[in-house]
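**Q** Sending over a structure as structure tokens; questions will come in a sec.
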Amino acid sequence: MSGKRDEPLNLEKRDIILKEIQYWRKNRLLSEQYCDFLTNLYDDEATVKNGNPVSLHNLQQGSIKIWLFGFGIISFIFLISLYFSVFPWSLQLATALSLLLVCYGYSGVLKDRQRVISLMLAGIGSVLTLGFGMWMIALHDLDPEVWRPILIGSCGILWCILGFILRIGLLQYCGFVFWALLYAGFFGGIRPEASVLELEMLWLPLCILMIWLSWLLHHRIKGVSGVYFAVGATIWLLPELDSLLLRHGYPHWVSYILLLKIAIGLALLFIFRKKWIAWVAS
């Protein structure tokens, strides 16, 4: 029997062990002190294995190189923000795309190793996508009636795709919300005088479609069922929100319909809780 130490556990096995330790702690199967000892043991092993310099552990340890690197990145972003308006439009577009590629690219690279940093980079990239788009529309005096819907639709597609690839449900949900805004704006321009019944017919089929997709895909594609269910639950309330927030002249009793639908929705969630929780948990 050799005296060599076993190879460090891979991240997937370590995560399983750490979850098991948390289960033991929660159910008081082991003492708090022993659970702390085991947690620190496997965390230390992961730290030795993790060679990524940009990590929360290295930030906590006060690595001068990492903090200087962070200062340089932040300073670079501020410099770009200060002089972005004087760049030619081609350089503005190239700069914006480069920053987005860096944010989303590193988010994808770190999604399995440093989940928190990956989420932060994805969030920064999403804010920059919308911010740079609105900024360029204002800088070049582009027609907002044309370019804002294009920007909203582009953000929706980008966030849905990246949210699925990076397994970030909130980002994917935001993509669907932006598409819902585009949908509401389009039909608001076509039928500004639509009745409450027309709005119900406009939105409720989409609600049924998303809930059905949530059920259909919960065994087939991992990570989308919960997003689709949340989108469907949101669309359930959108007919009234559409009439109250995006249109004018609707009677005040529409707000009572909204409250009634919230109550009905909560009742349905309670009655069918075993089914939809199984979809979302998958």
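**Q** Confirm whether Trp279 is crowded, with 16+ Cβ neighbours inside 10 Å and either in contact with a Cys (Cβ under 6 Å, 6 or more places away or on another chain) or over 21 Å from Gln172 (Cβ atoms) (or both).
**A** No; evaluated as a whole, the condition is false for this residue.
**Q** Among the residues of segment 74-87, is there at least one that is open to solvent by 70 Å² or more (accessible area, probe 1.4 Å), touching a helix residue (DSSP H, G or I) at 6+ places or on another chain (Cβ under 7 Å), at pLDDT 70 or above and of a type outside the set (A, V, I, L, M)?
**A** Within segment 74-87 (the criterion being open to solvent by 70 Å² or more (accessible area, probe 1.4 Å), touching a helix residue (DSSP H, G or I) at 6+ places or on another chain (Cβ under 7 Å), at pLDDT 70 or above and of a type outside the set (A, V, I, L, M)), the answer is no, since none of the residues qualifies.
**Q** Now for a different question. From the list Leu170, Leu97, Leu199, which one is part of a helix (DSSP H, G or I) and in contact (Cβ under 8 Å) with a residue 12 or more places away in the chain?
**A** Only one candidate passes the filter, namely Leu199.
**Q** Of the conditions (1) closer than 23 Å to Ile221 by Cβ; (2) in contact (Cβ under 8 Å) with a residue 12 or more places away in the chain; (3) open to solvent by 30 Å² or more (accessible area, probe 1.4 Å), Ala122 fails just one. Which one is it?
**A** (3)
**Q** Output the residues belonging to segment 16-35 that are open to solvent by 60 Å² or more (accessible area, probe 1.4 Å) and under 22 Å from Arg115 (Cβ atoms).
**A** Result: Ile16, Lys19, Glu20, Gln22, Tyr23, Lys26.
**Q** Now for a separate question. Within segment 242-250, is even one residue in contact (Cβ under 8 Å) with a residue 24 or more places away in the chain and under 30 Å from Leu166 (Cα atoms)?
**A** Taking every residue of segment 242-250 in turn, none turns out to be in contact (Cβ under 8 Å) with a residue 24 or more places away in the chain and under 30 Å from Leu166 (Cα atoms).
**Q** A further question follows. If I filter segment 195-215 down to residues being within 20 Å of Gln172 (Cα to Cα) and over 22 Å from the mean Cα position of the chain (by Cα), which single residue comes out as least open to solvent (accessible area, probe 1.4 Å)?
**A** Trp203
**Q** If you don't mind, another one. Being closer than 15 Å to Tyr173 by Cβ, of a type in the set (Gly, Ala, Ser) and open to solvent by less than 30 Å² (accessible area, probe 1.4 Å) is the filter here; which residues of segment 226-252 pass it?
**A** Correct list: Gly226, Gly232.
**Q** Checking Ala46 against (1) at pLDDT below 70; (2) exposed (fewer than 13 other Cβ atoms within 10 Å of the Cβ), which single condition isn't satisfied?
**A** Condition (2) is where Ala46 drops out.
The values are calculated or read from the model by the stated rules, or taken from the named source; none is laboratory data. From a predicted model like this one, the values you see are computed outputs, not experimental measurements. In this analysis, Cβ positions are derived from the backbone assuming ideal geometry, glycine residues included, and neighbour counts consider all displayed protein chains. The accessibility values were calculated without ligands, DNA or RNA, using every heavy atom of the protein model including side chains. Shrake-Rupley method; radii C 1.70, N 1.55, O 1.52, S 1.80 Å.
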